Every structure is written in C-alpha cells, then in structure tokens.
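Take a look at the structure below.
Please treat every number below as a calculation from the coordinates, not as lab data. Keep in mind the model is a prediction, meaning the values are calculated, not measured. Cβ placement follows ideal geometry from the backbone for every residue including glycine, while neighbour counts extend to all protein chains displayed.
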C-alpha cells in the first residue's frame with residue numbers, strides 16, 4: 001500500500017523516484033472532484049458545500065489558484081475535459097438536467113447548453129473521434145447508462161442507451177480506436193465496455209473489484225487507467241492500469257476519485273475523509 005507524501009514544493013514530474021506527491025487544497029466538497037489538463041495547466045472542478053460549481057488551475061500541479069465560482073448549482077460531481085481550444089465542464093443541475101459549458105481559458109465561462117436529458121448523478125465527459133461525448137445514468141426506473149456526442153460541444157445527438165444500469169454516474173475515456181465506459185454496478189462491482197463508434201458498446205468485462213461510488217477513467221501516456229474508492233472499511237483509493245499494474249493507496253475518500261495525465265505523471269484527485277472533506281491532488285508514476 002502506497003502513502004502519498006504531503007509537500008509544499010514543486011514536484012519533479014520527470015523524477016518521482018517512487019515518491020507519491022500530495023497536496024491538500026483548502027477547498028471542500030461532499031462529492032468527487034473532476035480533473036483535466038488544458039493549455040499546459042491542470043484544472044480541478046468541484047461542487048462546493050454550498051452546491052456551487054468551482055474551477056481552479058495550477059501550472060505546477062501543486063499550487064492551485066485563479067478560482068472561478070460559476071453561477072450554477074449541482075448536487076453531484078461535475079465532469080471536466082479539454083475539447084479542442086476549449087475547456088468544457090458538465091454537470092447535473094439541481095433540476096436533474098444535464099448541462100455543458102465551455103471556456104477558452106478556464107476563467108471566462110459561457111455558451112451554456114442544457115440537454116433534454118436527466119440524470120441521477122454526475123455526468124462524464126470524453127473526446128472521441130473529434131467529438132465531445134457525454135455519459136450519464138438516467139432517471140428511468142433502472143437507471144440505464146447513456147452516451148451522446150456532439151461535434152461542436154453544443155448540439156448533442158446519436159444517443160446510445162446501454163443495457164447496463166448504475167446508481168452512480170459512469171466514467172468515459174478514449175484510447176486508440178475505442179471509447180471505453182466504466183461504471184459501478186448495482187452490485188458495487190466495476191464494469192467496463194468499449195465501442196469503436198461511440199454508439200454500439202460491447203465486450204463487457206466485470207471485475208471482482210468493488211466501489212462505493214463512480215469510478216474514474218483516463219488515457220494517460222498510452223495507458224488506460226481506472227481509479228475507484230474501495231468498499232473496505234476505510235474506503236481506500238485504488239488505481240489499476242492497462243500495464244497490468246495496480247495499487248491500493250493509503251489515502252481514503254468519501255466519494256470516487258478523478259484522474260488525468262499531467263507533467264508526465266498520473267494525477268489523482270479525491271475528496272478526503274477528514275472532518276471538512278478537503279480536496280486533495282496527488283501524483284503517481286504513469287502506468288504505476
């Protein structure tokens with residue numbers, strides 16, 4: 001089990017030498033954060049304890065700032081992804097409807113789109129075949145998983161409803177010619193399916209690993225990595241890579257983690273189990 005090292009210095013991303021670097025933000029949340037790399041910076045988004053959406057950035061991966069609080073509210077985790085020359089954020093509104101908004105610089109946000117779709121949890125975002133894909137768990141009786149895409153980030157269509165269900169939102173990531181969707185089943189087990197066109201999903205694999213919340217999925221430096229919060233008593237963080245390696249991390253969380261590649265490392269963010277539920281960001285070697 002690896003324990004990340006708290007620090008107050010800029011990490012040497014090209015020479016971790018087995019250290020797992022960690023910084024704790026003064027920000028707090030009841031839900032999972034979201035991560036994305038955009039324009040040479042790492043961005044973190046979260047739903048505040050006042051239900052407002054927030055975004056901060058860091059150029060060194062340690063010192064976060066330039067906080068923007070959007071005039072939007074949610075009762076779930078947001079999603080974040082770089083789409084062309086824009087940074088996009090998606091969230092489930094307090095009316096359960098899905099929303100997407102974009103920014104050219106991570107500070108000025110606009111062009112809000114509200115989809116005619118509803119979700120029981122936070123959505124997922126990914127870029128696949130030049131399109132922006134959004135995934136969510138529906139508000140139908142069984143909470144089926146759904147995926148839609150947009151060529152411009154505004155007009156969504158080609159809805160695919162999977163014959164799979166979840167009580168949490170899914171995770172999306174593109175790698176090579178496939179779009180993967182990962183989710184926590186109603187039996188708490190992790191599942192993954194893939195699609196070559198973003199519409200027809202199959203090749204389901206069900207893991208023996210279990211999670212208390214939605215998983216995270218990212219394509220970082222050639223590896224497809226999945227992160228989750230375990231169902232063990234303390235709810236430890238876990239990461240598994242397509243390299244075949246996996247780690248249980250000594251850090252714990254009240255919700256699912258977020259993953260992205262940054263500075264040659266695999267960045268992981270989570271909401272802590274401390275009294276105030278602070279946000280944390282740590283770094284692991286790519287492929288673990």
Which one of the conditions (1) surrounded by fewer than 17 Cβ atoms within 10 Å (Cβ to Cβ); (2) in a strand (DSSP E or B); (3) free of Cβ contacts under 8 Å to residues at least 40 places away in the same chain does residue 187 fail to meet, given that it meets all the rest?
(2)
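This table checks each residue for (1) assigned to a loop (DSSP other than H, G, I, E, B); (2) in contact with a strand residue (DSSP E or B) (Cβ under 8 Å, 6 or more places away or on another chain); (3) without any contact (Cβ under 8 Å) to a residue 24 or more places away in the chain; (4) farther than 19 Å from residue 55 by Cα.
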| site | (1), (2), (3), (4) |
| --- | --- |
| 234 | yes, yes, no, yes |
| 240 | no, yes, no, yes |
| 243 | yes, yes, no, yes |
| 252 | no, yes, yes, yes |
| 266 | no, yes, no, yes |
| 270 | no, yes, no, no |
I want to confirm something. Restricting to the range 136-150 and keeping residues that are part of a loop (DSSP other than H, G, I, E, B) and touching a residue at least 12 places away in the same chain (Cβ under 8 Å), which single residue is nearest to residue 184 (Cα to Cα)?
143
Could you say whether any residue in the range 205-214 is more than 13 Å from residue 189 (Cβ to Cβ), under 18 Å from the mean Cα position of the chain (by Cα), in a strand (DSSP E or B) and in contact (Cβ under 8 Å) with a residue 24 or more places away in the chain?
no
Kindly establish whether residue 133 is farther than 17 Å from residue 39 by Cβ, in contact with a strand residue (DSSP E or B) (Cβ under 9 Å, 6 or more places away or on another chain) and in a loop (DSSP other than H, G, I, E, B).
no
Determine which single condition residue 159 fails, assuming it passes every other condition in (1) assigned to a strand (DSSP E or B); (2) surrounded by 15 or more Cβ atoms within 10 Å (Cβ to Cβ).
(2)
